[in-house]
Amino acid sequence: MRRYVIIFILVIVSTFVVHEWLMLVHLFPREASAQSIPVDQLFHVHLWVISFLFSLIMVTLIYSLIVFRRRKGETGDGAYITGNSTLEMTWTAIPLMAVLVLAYAGAKTLGAIRVIDPTALQVKVTAGQWYWRYSYPEFGVTSSDLYLPANRQIDLQMTSVDVIHSFWVPEFRVKQDIIPGRTVDLRVTPTLIGEYTVRCSELCGLRHAYMEGKVNVVSQGDFDKWIAQQESAAPESPELRGQQLAQDYGCINCHSVDGSPKTGPSWLHLYGSIVKLTDGTSVTADDNYLKTSIIQPNAQVVLGFPSNVMPDFSTVLDQTMVESLVAYIKTLK
Amino acid sequence: MRKIYSIGLVRGLLWQILGTAVGIGILTGIRYLLGLTPWKPESAFVFGALLGALFFVYGIGAVDGWIKVASGKEAPELDETNWGRARYFGVSLDHKVIGIQYLVLSLVLMLVGGSFAMLFRTELANTGLQFLTLMEYNTLMSLHGMVMIVGILVGVAAFMNYLIPMMIGARDMAFPRLNAFAFWLVVPASIILISSMALGGFDTGWTGYPPLSVRAPIGIQMFFLGVSLAGMGTILSSLNVITTALRMRAKGMTGFRLPIFVWGSLATSMISLTATQLIGLSFQMVMFERLFGMGFFDPAKGGNPILFQHLFWFYSHPAVYVFVLPGLGIISELLPVFARKPLYGYKWVAISSFGIALIGFLVWGHHMFASGMAEYLRVPFMYSTLLVAVPTGVKFFSWLGTLWRGKIVFPVPMLFVLAGIVVFLLGGLTGPPNATVATDLQLTDTYFIVGHFHDTMFGGYIFPFFAAIYYWFPKMTGRRLNETLGKIHFWLMTPAFITLSTLMMRIGLLGMRRRIADYDPSLGVTIDNRVMTVAGFLIALGILTFLINAFWSLRHGEIATGNVWNSRSPEWQVPSPMPIHNYDKPFEVVGEPYDYGLPDSQYIKFIEEE
Amino acid sequence: MEHQTKSSAMQLGLLVFGALAILTAVEFAIALTTNLWQVLAVIPFIKAGLVLYYYMHISRLFENDEDVDKESFAYKLATNRIGLWLFLLSDMFIFGGLMISRINLLGLTRPDLIQYLGLGVTTILLISSFFANRAEVSMESGDRRQFLVSISITMSLGILFLLGVLGVEWRLAPFGPSTNLAGAIFYIMTGFHAFHVFSGVIFLAIVLRNGAHGLYSSEKHWGVEASVVYWHFVDVVWFFFYPALYLIGSLAK
Ligand code: HEA
Ligand code: HEA
Ligand code: CUA
Ligand SMILES: [Cu+2]
């Protein structure tokens, strides 16, 4: 009996010591979103469970090793004990209950961070090798840094143009993989004004390590100011906006504007010309053709170029953006 | 020249080179005849590598027996008594030889994988790029993962092959030819896997997710092919293990009188027999996507990248239990010997292995919580994942019960067993935070996960298997490993490893992502990374000590032909090393396997010839 | 006595074949008319059950032989059987994975294929299974001539099936493997299956050759049993693939 009391006391003490130690060593980044609160609460439940189970097993283990070690000159075997059904049932049943409680808490927390606010601010996120682009459909603003107003839920509508990426700001405590060909959503409510970094956390090729971007959480007032600034800074004419988009979305990595060869056909003298397609037909490069070429690159493939190389931009670019791009291509005729 | 050629391994390698050349030639020739551009490196290398593997297996003579049988001739088992050391370098049908071959291959693979880790760990000692390019980093990191995993699978096969027939009193495995074939398939497969470095490497991690893997350099094809072939080998080897354990047991060895390691192995083999096909399939589908433009995972063609992840994890989650179940079996097997007490709650421990294996089939989705899979799947997968903690807990508590009131001794194998328990506890306890979705969304793809799985794999595999090597080395060679060097090995490796993995978790929580060649100095994890690198080198030093010990003891170790550990297990009741067909006399099971402390009890009794 | 068991076994084989043929015809009819996918998904399981029980003798696995001498032929035979079935179990997971992929990617659509050709190759494979069973029954009763004839027919039908799928269907299909998803799924499923048929044909060829040299007897013919069971397995896989590729759902674009 005395042994059990000693172990019991040691386990309790050790649980608190381990837990205290875990709290002391700096482990978590700041909590900068509404979602981070329930998540961290769940983390703390886990820390208690871990501290307790670790102590329970380590204390018993070390105690046994010391007390039941074979002493000098001792021979023979240990006590002949093969088991005890009640005890075995207990140590199956109690953890079973414990994990069910844990899972229930997990489901609750998941519910809490997935609460959807219909008035959320929508931001479209485009991930590509290796950049982040954001557009604010409400304001028609595009940007390569993310600006978010504090204390308002943000509805991130995310898509990728090439491989899988993942949106993660450690301080926000949520993460979502971004899959090419579809749009996934992530809800986050930033609460703490400051500068953060979005870190792509799904391996996406060579420069994955560097696929980071700035995230600025600002007050609503500053956000409005920033939007206004962006709107006025944005070029007035669709042609210039198109030029900007061609830069932002990496079109010019594959399409030259001076006739030189790149992965895709050059845009110089494209508008109005006759384009030969791989299926043997030819079309005139009018507005419609250019639009389809941008949102459905594989519908009409240019002769001499591979299909399936140009990413599908249909989920990334909206109507006006496509029109601006076409307007820009027109200027190159 | 002749003499060198007569060594199986050399012959196999020569044939593999020949096969690769022939394959490349044939493919190029066919393309030429069809009027296509003759030289298409990707298909040429894939076909060449495949043919190379087949040529290897043929060249070394692993299929000779079957060819004879197929052509209607008798194919008697050869008498290997006088082959001497050559047995280990060519096709032998003796399960003990095959077991040791597996063991050596496993050690070689882990050394290769470990050296890769040392290289990229050095790179990570500082922010910025030091001496590796991004591509080199990614290739080394990905290959480190997969080579280590194949190394584990091979190591698991090593002990299953070596021990099971002896433990259950069989003269060999059920299908000795299949056994040899399975082993010799893994050898060229490993070569192909590592050859991916020469073909441009790849940058996908060991998980090879498309669409990234569809765009990677040709090296990825060798990775896929090598893993598929090695997978084939594990399937065949586990088929053999199951049949052997079901059919070849000695008289009286009923289910609950089996040595506990056999239970773990059976559960393991059930997993590898079935689930392995799906990693093979998922990898082959990407191979075909690359070779023939089939759009399974290509969103532009309507394909579904998530489907790959489901197929992949359907194997790769259960696979993690393949890594640990035999290791946990070894812990349960050795603890009674060194505590001199019966294994506490034998039946529950035996059943818990199957519990882990079966629940393990239902939890794969926990690797995909953030992947964008169907939302309603996340919660069920969370429940099933957490359930695995229950049977695992049973094992822990049984170990504690076994130690309680024992008379514990601490030779080197016992030290490794204890370290295994502690480290696996750390790994296991960091499982539940990954399993609850909300916290996993923070943890996934960070170094926390890296810490979690190094802990589980070291605790469930590396430590127990080092224990097993120290423990069964006398059985294999008739000599003991040196205790002092063993203790040095242990004390170098254990604290260093615990430091390494604990820091991994810490920097993960602080925001360091995994699979990055360079990290942001503003995270404040540079010092931690430096300590980790040093810890990594200490581990390597420990393993170096072990290697020196092994080579030295092979010749000069203390002679130990008797029951070194005073064990009740059948294999220790006869002198070491074992003769070719194991026991001269069959035995009968007359008692419980772990009745230490019960006076005059016996586990087995040899049947005297009348 | 000996003769009677043989003829009753033959009769049973024929009966099972009849049931399979009728079920296949029903499938085809349903596909052409109502296309109820629920029914089309269930019928393969019934067909598979029939073959597993009557042709592949799955119950032989569960025969109790605790007391049999472990060195005897009978005991080793049963061990071999377990090995073979474990292999089939493992193989099943590949085909299961392919089915899952097909369901996930195509749902209730299917590739645009030549219906009568599909029915044709299915019939060929079905008949070949009947003859495979006949070959085994003949061997069991020691009728070597009948055995050789049946196994040759099985093998030829197998080759015919391969020609039908690889030679005709693959050529005539209005899509290639890279055209669309339906094409990709079609080629990978038939490809994996054809590879198994091909290896089955090789096993049958080996058995045929060794049988002609008189290597098997009515008691000892593990080679025959193994290759025939494997053959039936490949047939069972096709039971599932056929409706999945040809019958269920509407045409994919
Ligand atoms: C040997 C291998 C091994 C083992 C045994 C485990 C065991 C477990 N693993 Fe781990 N895991 C990996 C290897 C392993 N894992 C690998 C390699 C990866 C990463 C793959 C990659 O992405 O590259 C991974 C990733 C991984 C993830 C995905 C993380 C992510 O990428 O987002 C998750 C999520 O749930 C997880 C959970 C668990 C759980 C719950 C267990 C449980 O089985 C643990 C059970 C044990 C205990 C809990 C401790 C003892 C129990 C008790 C004392 C009883 C009482 C306990 C309670 C009441 C809680 N693991
Ligand atoms: C069992 C498997 C195993 C083992 C032993 C190790 C061992 C080590 N690993 Fe491992 N690691 C993985 C499996 C393993 N790793 C996996 C699966 C990944 C994920 C890859 C991915 O993301 O795709 C990974 C990723 C990974 C990363 C993350 C990389 C990244 O995300 O960018 C790091 C970083 O520090 C790391 C470090 C180390 C170090 C320093 C060791 C050291 O301990 C190594 C020192 C060892 C040696 C020098 C030789 C070892 C030899 C033996 C152990 C022989 C024993 C043999 C028997 C007992 C039979 N590993
Ligand atoms: Cu994008 Cu990693
Ligand atoms: Cu897992």
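Going residue by residue through region B:193-201, is there one that turns out to be over 29 Å from residue B:589 (Cβ atoms) and in a loop (DSSP other than H, G, I, E, B)? Before the answer, list the steps.
Applying the first criterion (over 29 Å from residue B:589 (Cβ atoms)) to region B:193-201 yields B:193-201.
Right, trim to in a loop (DSSP other than H, G, I, E, B) and you get B:200-201.
Among the residues of region B:193-201, at least one is over 29 Å from residue B:589 (Cβ atoms) and in a loop (DSSP other than H, G, I, E, B), which makes the answer yes.
Provide a single number: the residues in region A:163-172 that are touching a helix residue (DSSP H, G or I) at 6+ places or on another chain (Cβ under 8 Å) and either facing chain B (nearest Cβ under 7 Å) or not in a helix (DSSP H, G or I) (or both). Can you show your working first?
Here is the first cut: in region A:163-172, the residues touching a helix residue (DSSP H, G or I) at 6+ places or on another chain (Cβ under 8 Å) are A:163-164, A:170-172.
Narrowing further to those that are either facing chain B (nearest Cβ under 7 Å) or not in a helix (DSSP H, G or I) (or both): A:163-164, A:170.
The qualifying residues number 3.
Would you please name the residue that is farthest from the other protein chains (Cβ to nearest Cβ), looking only at residues in region A:26-46 that are closer than 18 Å to residue A:196 by Cα and part of a helix (DSSP H, G or I)? Can you show your working first?
Within region A:26-46, the subset closer than 18 Å to residue A:196 by Cα is A:27-37.
From the residues that got through so far, the ones that are part of a helix (DSSP H, G or I) too are A:36-37.
Working: A:36: 8, A:37: 11 Å.
So, considering only residues that are closer than 18 Å to residue A:196 by Cα and part of a helix (DSSP H, G or I), the one farthest from the other protein chains (Cβ to nearest Cβ) is A:37.
Of all residues in region A:96-145, how many are hydrophobic (A, V, I, L, M, F, W, C), away from chain B (no Cβ under 14 Å) and touching a strand residue (DSSP E or B) at 6+ places or on another chain (Cβ under 9 Å)?
Taking region A:96-145 and keeping what is hydrophobic (A, V, I, L, M, F, W, C), we get A:96-103, A:105, A:107, A:110, A:112-113, A:115-116, A:120-121, A:123, A:125, A:127, A:130, A:132, A:139, A:141.
So of that shortlist, the ones also away from chain B (no Cβ under 14 Å) come out as A:120-121, A:123, A:132, A:139, A:141.
Subsequent filtering for residues that are touching a strand residue (DSSP E or B) at 6+ places or on another chain (Cβ under 9 Å) retains A:120-121, A:123, A:132, A:141.
Looking only at that region, the number is 5.
Restricting to region A:125-174, what's the tally of residues that are within 16 Å of ligand 3 (Cβ to nearest atom) and not acidic (Asp, Glu)? Don't jump to the end; show me each part of the working.
Step one: of region A:125-174, the residues within 16 Å of ligand 3 (Cβ to nearest atom) are A:125-134, A:144, A:146, A:156, A:158-170.
Those still in the list that are not acidic (Asp, Glu) too: A:125-134, A:144, A:146, A:156, A:158-161, A:163-170.
Qualifying residue count, region A:125-174: 25.
So which residues in region B:313-344 are within 14 Å of ligand 1 (Cβ to nearest atom) and of a type in the set (Gly, Ala, Ser)?
Matches in region B:313-344: B:316, B:319, B:327, B:329.
Go through region B:5-99 and tell me which helices (runs of 4 or more DSSP H), entirely inside it, have 3 or more residues that are touching a residue at least 40 places away in the same chain (Cβ under 8 Å). If you could, list the steps in order and put the result at the bottom.
On the way: elements: B:8-33, B:41-60, B:64-70.
Ranges flagged: B:8-33, B:41-60.
Take the residues in region B:429-447 that are of a type in the set (Gly, Ala, Ser) and surrounded by 24 or more Cβ atoms within 10 Å (Cβ to Cβ); name whichever of them is nearest to ligand 3 (Cβ to nearest atom). So that I can check it myself, show each step before the final result.
Start the filter on region B:429-447 by keeping residues that are of a type in the set (Gly, Ala, Ser), which leaves B:431, B:435, B:438.
This time we only want the ones that are surrounded by 24 or more Cβ atoms within 10 Å (Cβ to Cβ), so: B:435, B:438.
On the way: B:435: 24, B:438: 22 Å.
Step by step, filter region B:429-447, then rank; the result is B:438.
Go through (1) surrounded by fewer than 18 Cβ atoms within 10 Å (Cβ to Cβ); (2) in a helix (DSSP H, G or I); (3) among the hydrophobic types (A, V, I, L, M, F, W, C) one by one and return the number of the condition residue A:18 breaks.
So residue A:18 meets the others, but not (1).
Criterion first (under 19 Å from the mean Cα position of the chain (by Cα), at the interface with another protein chain (Cβ under 9 Å from one of its Cβ atoms) and away from ligand 2 (no atom under 16 Å from the Cβ)) does residue B:360 satisfy it? Write out each step before concluding.
Working: under 19 Å from the mean Cα position of the chain (by Cα): yes; at the interface with another protein chain (Cβ under 9 Å from one of its Cβ atoms): no; away from ligand 2 (no atom under 16 Å from the Cβ): yes.
It is false that residue B:360 is under 19 Å from the mean Cα position of the chain (by Cα), at the interface with another protein chain (Cβ under 9 Å from one of its Cβ atoms) and away from ligand 2 (no atom under 16 Å from the Cβ).
State all residues of region B:376-385 that are more than 8 Å from chain A (Cβ to nearest Cβ) and buried (at least 22 other Cβ atoms within 10 Å of the Cβ); if no residue qualifies, say none. Reasoning before the result, please.
Of the residues in region B:376-385, the ones more than 8 Å from chain A (Cβ to nearest Cβ) are B:376-377, B:380-381, B:384-385.
B:385, the sole residue that qualifies.
Can you tell me which of (1) within 14 Å of chain A (Cβ to nearest Cβ); (2) under 30 Å from residue C:71 (Cβ atoms) is the one residue B:233 doesn't meet?
(1)
Say we look at region A:173-188 and pick out the residues that are surrounded by fewer than 20 Cβ atoms within 10 Å (Cβ to Cβ) and touching a Ser or Thr at 6+ places or on another chain (Cβ under 8 Å); which of these is farthest from the other protein chains (Cβ to nearest Cβ)? Explain how you work it out, then say what you get.
Filtering region A:173-188 for residues surrounded by fewer than 20 Cβ atoms within 10 Å (Cβ to Cβ) gives A:182-185, A:187.
In the following step, the residues that additionally are touching a Ser or Thr at 6+ places or on another chain (Cβ under 8 Å) were identified as A:182-184.
On the way: A:182: 7, A:183: 10, A:184: 5 Å.
It comes out as A:183.
Here is a check on your reading of the model: is residue A:83 assigned to a loop (DSSP other than H, G, I, E, B) and surrounded by fewer than 22 Cβ atoms within 10 Å (Cβ to Cβ)?
Working: assigned to a loop (DSSP other than H, G, I, E, B): yes; surrounded by fewer than 22 Cβ atoms within 10 Å (Cβ to Cβ): yes.
Spelling it out, residue A:83 is indeed assigned to a loop (DSSP other than H, G, I, E, B) and surrounded by fewer than 22 Cβ atoms within 10 Å (Cβ to Cβ).
Answer yes or no as to whether residue B:305 is within 16 Å of ligand 3 (Cβ to nearest atom), at pLDDT 90 or above and within 14 Å of chain A (Cβ to nearest Cβ).
Values: within 16 Å of ligand 3 (Cβ to nearest atom): yes; at pLDDT 90 or above: yes; within 14 Å of chain A (Cβ to nearest Cβ): yes.
Yes: the conditions hold for residue B:305.
Does region B:596-610 hold any residues that are surrounded by fewer than 20 Cβ atoms within 10 Å (Cβ to Cβ) and under 30 Å from residue A:83 (Cα atoms), and which are they?
Step one: list which residues in region B:596-610 are surrounded by fewer than 20 Cβ atoms within 10 Å (Cβ to Cβ), which gives B:598-602, B:605-610.
Passing the criteria: B:598, B:599, B:600, B:601, B:602, B:605, B:606.
Of the conditions (1) part of a helix (DSSP H, G or I); (2) within 16 Å of ligand 4 (Cβ to nearest atom), residue B:213 satisfies every one except a single condition; which number is it?
For residue B:213, the failing item is (2).
Would you point out which residue out of A:148, A:156 is of a type in the set (A, V, I, L, M, F, W, C) and either within 16 Å of ligand 1 (Cβ to nearest atom) or within 14 Å of chain B (Cβ to nearest Cβ) (or both)? Walk me through it before giving the result.
Working: A:148 fails: either within 16 Å of ligand 1 (Cβ to nearest atom) or within 14 Å of chain B (Cβ to nearest Cβ) (or both).
Going through A:148, A:156 in turn, just one is of a type in the set (A, V, I, L, M, F, W, C) and either within 16 Å of ligand 1 (Cβ to nearest atom) or within 14 Å of chain B (Cβ to nearest Cβ) (or both): A:156.
Within region B:386-430, which residues are polar (S, T, N, Q) and either over 23 Å from residue A:89 (Cβ atoms) or at the interface with chain A (Cβ under 7 Å from one of its Cβ atoms) (or both)?
At the first step, the residues of region B:386-430 found to be polar (S, T, N, Q) are B:392, B:398, B:402, B:430.
The one that is polar (S, T, N, Q) and either over 23 Å from residue A:89 (Cβ atoms) or at the interface with chain A (Cβ under 7 Å from one of its Cβ atoms) (or both): B:430.
Could you list, in sequence order, the residues of region B:509-533 that are more than 10 Å from ligand 2 (Cβ to nearest atom) and either in a helix (DSSP H, G or I) or more than 27 Å from residue A:171 (Cα to Cα) (or both)?
If the condition is that a residue be more than 10 Å from ligand 2 (Cβ to nearest atom) and either in a helix (DSSP H, G or I) or more than 27 Å from residue A:171 (Cα to Cα) (or both), then B:509, B:510, B:521, B:522, B:523, B:526, B:527, B:528, B:530, B:531 are the ones that fit.
Please state which one of B:319, B:300 is away from ligand 3 (no atom under 16 Å from the Cβ), within 14 Å of chain A (Cβ to nearest Cβ) and closer than 24 Å to residue A:203 by Cβ. Write out each step before concluding.
Details: B:319 fails: within 14 Å of chain A (Cβ to nearest Cβ).
After applying the criteria, what remains is B:300.
Give region A:263-307 a look and list any residue that's assigned to a loop (DSSP other than H, G, I, E, B) and closer than 11 Å to residue A:326 by Cα, or say none.
Narrowing region A:263-307 to residues assigned to a loop (DSSP other than H, G, I, E, B): A:263-273, A:278-281, A:285-286, A:296-301, A:303-307.
Once the filter is applied, which keeps residues that are assigned to a loop (DSSP other than H, G, I, E, B) and closer than 11 Å to residue A:326 by Cα, region A:263-307 yields A:267, A:270, A:271, A:285, A:286.
As an exercise: evaluate residue B:71 against (1) under 25 Å from residue B:227 (Cα atoms); (2) at pLDDT below 90 and give the number of the one condition it does not meet.
Just one mismatch for residue B:71, condition (1).
Given the options A:316, A:257, A:283, A:302, name the one that is of a type outside the set (Phe, Trp, Tyr), surrounded by 12 or more Cβ atoms within 10 Å (Cβ to Cβ) and over 27 Å from residue C:180 (Cα atoms). Can you show your working first?
Working: A:316 fails: over 27 Å from residue C:180 (Cα atoms); A:283 fails: over 27 Å from residue C:180 (Cα atoms); A:302 fails: over 27 Å from residue C:180 (Cα atoms).
After applying the criteria, what remains is A:257.
So, of the residues in region B:431-480 that are away from chain A (no Cβ under 11 Å) and of a type in the set (Val, Ile, Thr), which turns out to be farthest from residue B:374 (Cα to Cα)?
The qualifying residue farthest from residue B:374 (Cα to Cα) is B:477.
The values are calculated or read from the model by the stated rules, or taken from the named source; none is laboratory data. Keep in mind it's a predicted model, so treat the numbers as computed, not measured. Because the Cβ atoms are built from the backbone with ideal geometry, glycine has one as well, and the counts that use them run over all protein chains shown.
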